[in-house]
1. Tell me, which residue of the stretch 204-236 that is surrounded by fewer than 22 Cβ atoms within 10 Å (Cβ to Cβ) and of a type in the set (D, E, K, R) is nearest to the ligand (Cβ to nearest atom)?
2. Among the residues of the stretch 97-107, is there at least one that is over 23 Å from the mean Cα position of the chain (by Cα), outside the structural domain of N397 (by TED's automatic domain parsing) and outside any loop (DSSP other than H, G, I, E, B)?
3. Name the one entry in A186, A244, A182, A296 that is more than 24 Å from S94 (Cα to Cα), outside the structural domain of N172 (by TED's automatic domain parsing) and more than 13 Å from the ligand (Cβ to nearest atom).
4. Determine if the stretch 30-41 includes at least one residue that is assigned by TED's automatic domain parsing to the domain that holds N105, within 16 Å of the ligand (Cβ to nearest atom), among the hydrophobic types (A, V, I, L, M, F, W, C) and crowded, with 23+ Cβ neighbours inside 10 Å.
5. I need every pair where a residue in the stretch 197-208 that is in the same structural domain as A115 (by TED's automatic domain parsing) has its Cβ under 7 Å from the Cβ of a residue that is hydroxyl-bearing (S, T, Y) and within 12 Å of the ligand (Cβ to nearest atom), sequence separation at least 6 or different chains.
6. What are the residue pairs meeting all of these: first residue in the stretch 19-36, first residue free of Cβ contacts under 8 Å to residues at least 40 places away in the same chain and within 28 Å of K58 (Cβ to Cβ), second residue of a type in the set (K, R) and more than 9 Å from the ligand (Cβ to nearest atom), Cβ atoms under 7 Å, and 6 or more apart or on different chains?
7. Looking at S85 and the list (1) among the hydroxyl-bearing types (S, T, Y); (2) more than 26 Å from R290 (Cα to Cα); (3) out of contact with any helix residue (DSSP H, G or I) (no Cβ under 9 Å at 6 or more places or on another chain), which single condition is not satisfied?
8. Tally time: how many residues in the stretch 436-472 are surrounded by 11 or more Cβ atoms within 10 Å (Cβ to Cβ) and part of a strand (DSSP E or B)?
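The values are calculated or read from the model by the stated rules, or taken from the named source; none is laboratory data. Predicted model only: the values in this text are computed from it and were never measured. All Cβ positions, even for glycine, are placed from backbone atoms using ideal geometry, and neighbour counts span all protein chains on display.
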Amino acid sequence: MTLRIFNTLGMRKEEFKPLREGEVRIYACGPTVYDFIHIGNARAFIVADVVRRYLEYKGFKVTLVSNITDIDDKIIRRAQETGLSIQEIGEIYSDAYFEDLAALNIKKPSINPRATQHISDIIMAVQKLIEKGYAYEVEGDVYFDILKFDDYGKLSGNKMEALEAGARIEVNPKKKNPADFALWKACKEGELGWHSPWGWGRPGWHIECSTMAMKYLGETFDIHMGGKDLIFPHHENEIAQAEALTGKPLARYWIHNEWLTVNGQKMSKSLGNFITVKDALKMYSPQVLRFFLISAHYRSPVDFNKESMVAAKANVERIFSALERLISLKERDKNGEEDEELISQVQEAKRKFEEAMDDDFNTPLAIAAIFEIVKAINIYVDRNDEIGTEAKKEVYNVFKTLVEDILGIKIEIKKKYLEGREEAILKNLMEIILEVRQEMRRRKEWKISDEIRDKLQKIGFIIEDTPKETRWRLKEETH
Ligand SMILES: [Zn+2]
């Protein structure tokens, strides 16, 4: 089966062919660490994670690089507002970002380069662009001259004329063209900056990404990802800078995910509908949030609202409850006829799942295939109370691969069905406690031995002393 990807560059689905056999190199734009990430950011990171997981499932060795922008106007403003240093702000919110990734079961990117640790690479890139005639310096600022780069606009389709009209672009008399963008910005003494051939200053955002991407992935790599809002100007500018430097395409496939809205509105701080991942996880489990974020195709908008979250929760429960029912079945040695039928239904659903994912990572269709497995399991369990050991293992493994390994929804079911380990631990613990209590009784320390018994009874154990031994059991739960 071949994977097809919708490429923003060219706006069509294309067969995916990696540059190096068996290997995929991906760059996904990471966070600017000035605040907690919100659920819209989380969508982009989860899309990248699912793409990575699926490519790994298909046998590719994946290198995913995702940057951390730790120097930026927003971070500087935040530092001024809070009285903390720029470094402290960066540390606080990059730690929080990694916490959120872990909470959402997003695999840590292979490399997380930080802009401030790549200043000399960035300065070198800017200098080369000046030497090649693509950039110019004015009073300590360096701008990219977009008129020099013929392909400008090839990703976003933004025509030069429209850019020149400059409706959305601030007027800056230093620039030759209003759409020229900063590669290096002069800053005042005392502000966070670095020495450069153009004086004290700091890098522009776009040059950070393309420099770090090429440093770790090579001049041309396979996939560049990010939210739709990054197509212009960020990714358009990355292409201009990188391709002006190397004369080679920066990335072969450009993947962009659509917006996330909250109750039909664009998320924004001024509307007060800004939902951080941390806040969302106070209301919903990571599995439910993650399921919700992949339940729409990545190129479709998705709306966070009460109904969609109730639906996501119910769906996750349906998936886990089918799995619990499967696991609770008694096992028998041989597969029966119905077992074989169940296996073939599950294999067929797995094929559909792969077909959906191969078609531009169509997660809603892939999830529909998972519900075919859920249905097959439920019908089976309604009719049977045992299952062949092999069949159980096979169905469970397919389920785990698709739901947990590829979609990243961590399976969470009552452990007692999975293994008797907790039960064994409990038995051993009780043995130790009762031995100690027996020793107390031998020493006629009645007060302590009674106290141990009472405390155990309080938390749900029934302790019975017989002349021969002390027995224990758990009180039946009444609810
Ligand atoms: Zn970027």
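1. My answer is D229.
2. Filtering the stretch 97-107 for residues over 23 Å from the mean Cα position of the chain (by Cα) gives none.
Scanning the stretch 97-107 turns up no residue that is over 23 Å from the mean Cα position of the chain (by Cα), outside the structural domain of N397 (by TED's automatic domain parsing) and outside any loop (DSSP other than H, G, I, E, B).
3. Details: A186 fails: outside the structural domain of N172 (by TED's automatic domain parsing); A244 fails: outside the structural domain of N172 (by TED's automatic domain parsing); A182 fails: outside the structural domain of N172 (by TED's automatic domain parsing).
Just a single option satisfies the conditions, and that option is A296.
4. As a first pass, look at the stretch 30-41 and keep what is assigned by TED's automatic domain parsing to the domain that holds N105: 30-41.
The next check asks that each one be within 16 Å of the ligand (Cβ to nearest atom); those that pass are 30-34, 37, 40-41.
The next check asks that each one be among the hydrophobic types (A, V, I, L, M, F, W, C); those that pass are 33, 37.
Applying the additional criterion that residues be crowded, with 23+ Cβ neighbours inside 10 Å yields 33, 37.
Yes; the residues of the stretch 30-41 include at least one that is assigned by TED's automatic domain parsing to the domain that holds N105, within 16 Å of the ligand (Cβ to nearest atom), among the hydrophobic types (A, V, I, L, M, F, W, C) and crowded, with 23+ Cβ neighbours inside 10 Å.
5. The qualifying pairs are W205/T69; E208/T69.
6. G22/K61
7. (3)
8. Final tally of qualifying residues: 7.
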